[in-house]
Amino acid sequence: MNQMLRYIESELYMESAALNRIAEQVGTPFYCYSKANIEQQIASCKAAFTRLDATIHYAAKANSNLSILRMMAKAGLGADVVSVGELERVIIAGIPAEKVIFSGVGKRKDEMVAALNAGIGQFNLESIPELDALILLCESLNKTAGVSVRINPDVDGSTHRHITTGVKGSKFGISMEQLDQALSRIGESAHLQLRGLAVHIGSQIVTAAPYRKVCERLRDWIVNLRRAGHAITHLDLGGGFGIDYGDGNYLDFESVATVMHETLQGLDNLQIAIEPGRSIVGNAGVLVSEVIFRKEDDPLPFLILDAGMNDLMRPALYQASHPIQPLLERKVEMEVVNVVGPICESTDFFSKAITLPKIAQGERVALLQAGAYGAVMASIYNSRDIIPEVMVDGDRFETIRRRITNHNLLEFE
Ligand code: LLP
């Protein structure tokens, strides 16, 4: 939960700034983040993982706004990137290239070249053809690349089927059957420097059990691989730590760090890395929107918001629910409503049959826990704007990305 969000004299505040005041200046819909909340999450992540002496590589895909990436740089974090665009952003933000890990199943050649030229610390290789392509590029550029093999550990993260990544048959990672082949090719190449293994079993995982299972398997594999002569010095455990979207389920840094620490004990000379995204920025953000219309209907009334699925895709894609709060707290009766967007699609809903205090047309609401995979997944569907992002710091706020309007986009056509 975001403790930076509370009612003061019936007005919803983020830190010491009233969201209604920001809405009047910026115009709805917009994303709004609490700087203090992000700082708090970074601090508790660092504190929990010191026992593992882990390096933290913020998964830029969760929210790659430059101002947010600059906070990660300032806190000394590294980054996990999945495209040349993210690589450019993290470098501009001041994250040193050697702290960057490049993940992804489909890295293009130009992206690998950019990463080699930037001097990133580690490529997480996800297939044999990718490995071969990287060797050729390194040869032609006369560069050496630090690499880890992302393996598919066949552990189910027990999360939504669209965001589970570590089970057999998923497109991610190299299967255990191909690991030997991958490691010998790396060993034979003068241009690849083996660091170790990497896994990422999924996202929004709310129990530590899958991490225990994957760490137990990794421990045995690493022991065996070392016996076979492979110098495994690094282990990247990915991200995926779930946040509370209102049902009380989440995975705190302490629990997952404890489990990793317990299960990996006894493995010496192993540098652990993690790649958290959502757990760092998810709670910090809200999506502020205005109720365009209240449509009375049978069986349930609709609140039609000015934010749509193009602004926040998660409900449409993963049936995700984001808690909703009115910006003005009033003593009114509760009611059951459907909360939807204005887009011409029935997937454009935020909450079906949700109980809320009765909200009038023209009022504003906040959709909570929208700091991760919100703004970054926005689209221009229905020729809508890319909405602004705002950062609150105490009683001050700053637009950290201006609105990108349809007029801006028309210039490209
Ligand atoms: N590392 C790798 C290799 C990943 O693929 C991901 C996320 C992360 C780290 C960070 O995971 P996190 O700590 O944020 O869970 N759009 C979806 C989530 C997709 C996650 C993809 N990979 C959503 O809105 O739920």
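The values are calculated or read from the model by the stated rules, or taken from the named source; none is laboratory data. All figures in this text were calculated on a predicted structure; none of them were measured in a lab. Counting neighbours? That spans all protein chains shown, and the Cβs are built from the backbone with ideal geometry, glycine included. Heads up: the accessible areas ignore ligands, DNA and RNA and are worked out on the full protein's heavy atoms, side chains in. Shrake-Rupley method; radii C 1.70, N 1.55, O 1.52, S 1.80 Å.
Give, as residue ranges, the strands (runs of 3 or more DSSP E) completely inside segment 1-40 that count at least 3 residues that are in contact (Cβ under 8 Å) with a residue 40 or more places away in the chain.
Those strands (runs of 3 or more DSSP E) span 11-14, 30-34.
Could you identify the single residue in Pro129, Pro153 that is surrounded by fewer than 22 Cβ atoms within 10 Å (Cβ to Cβ) and either at pLDDT 95 or above or within 16 Å of the ligand (Cβ to nearest atom) (or both)?
None of the others qualify; the one that does is Pro129.
Is it true that Phe412 is touching a strand residue (DSSP E or B) at 6+ places or on another chain (Cβ under 7 Å), open to solvent by 20 Å² or more (accessible area, probe 1.4 Å) and aromatic (Phe, Trp, Tyr)?
Taking the combined requirement at face value, the residue does not satisfy it.
Do any residues in segment 119-146 that are charged (D, E, K, R) have Cβ atoms under 6 Å from those of residues that are part of a strand (DSSP E or B) and open to solvent by less than 30 Å² (accessible area, probe 1.4 Å), where the two are at least six apart or on different chains, and which pairs are they?
From residues that are charged (D, E, K, R), the pairs are Glu126/Arg150.
Hey, does segment 173-195 have a residue that's open to solvent by less than 20 Å² (accessible area, probe 1.4 Å), within 30 Å of Leu116 (Cβ to Cβ), modelled with pLDDT under 95 and out of contact with any helix residue (DSSP H, G or I) (no Cβ under 9 Å at 6 or more places or on another chain)?
yes
Of the residues Ala60, Ala145, which single one is within 12 Å of the ligand (Cβ to nearest atom) and open to solvent by less than 10 Å² (accessible area, probe 1.4 Å)?
Answer to the selection: Ala60.
When residues of segment 16-50 are filtered for being touching a Ser or Thr at 6+ places or on another chain (Cβ under 6 Å) and open to solvent by 20 Å² or more (accessible area, probe 1.4 Å), how many remain?
Total meeting the criteria: 1.
Based on what the data block shows, is Arg108 under 24 Å from Asp236 (Cβ atoms), away from the ligand (no atom under 16 Å from the Cβ), touching a residue at least 40 places away in the same chain (Cβ under 8 Å) and open to solvent by 10 Å² or more (accessible area, probe 1.4 Å)?
Against the criterion (under 24 Å from Asp236 (Cβ atoms), away from the ligand (no atom under 16 Å from the Cβ), touching a residue at least 40 places away in the same chain (Cβ under 8 Å) and open to solvent by 10 Å² or more (accessible area, probe 1.4 Å)), Arg108 does not qualify.
So, Lys35, is that one at pLDDT 95 or above, more than 15 Å from the ligand (Cβ to nearest atom) and farther than 30 Å from Glu290 by Cα or not?
Here the answer is no, as Lys35 does not meet what is asked.
Residues in segment 237-247: is at least one among the aromatic types (Phe, Trp, Tyr) and over 17 Å from the mean Cα position of the chain (by Cα)?
The answer is no, given that none of the residues of segment 237-247 is among the aromatic types (Phe, Trp, Tyr) and over 17 Å from the mean Cα position of the chain (by Cα).
I'm trying to understand the selection: among the residues of segment 306-337, which are without any contact (Cβ under 8 Å) to a residue 12 or more places away in the chain and open to solvent by less than 40 Å² (accessible area, probe 1.4 Å)?
Start the filter on segment 306-337 by keeping residues that are without any contact (Cβ under 8 Å) to a residue 12 or more places away in the chain, which leaves 331.
Within segment 306-337, no residue meets the criteria.
Does Ala360 meet the test of being among the hydrophobic types (A, V, I, L, M, F, W, C) and open to solvent by 40 Å² or more (accessible area, probe 1.4 Å)?
When the stated conditions are applied, Ala360 passes them.
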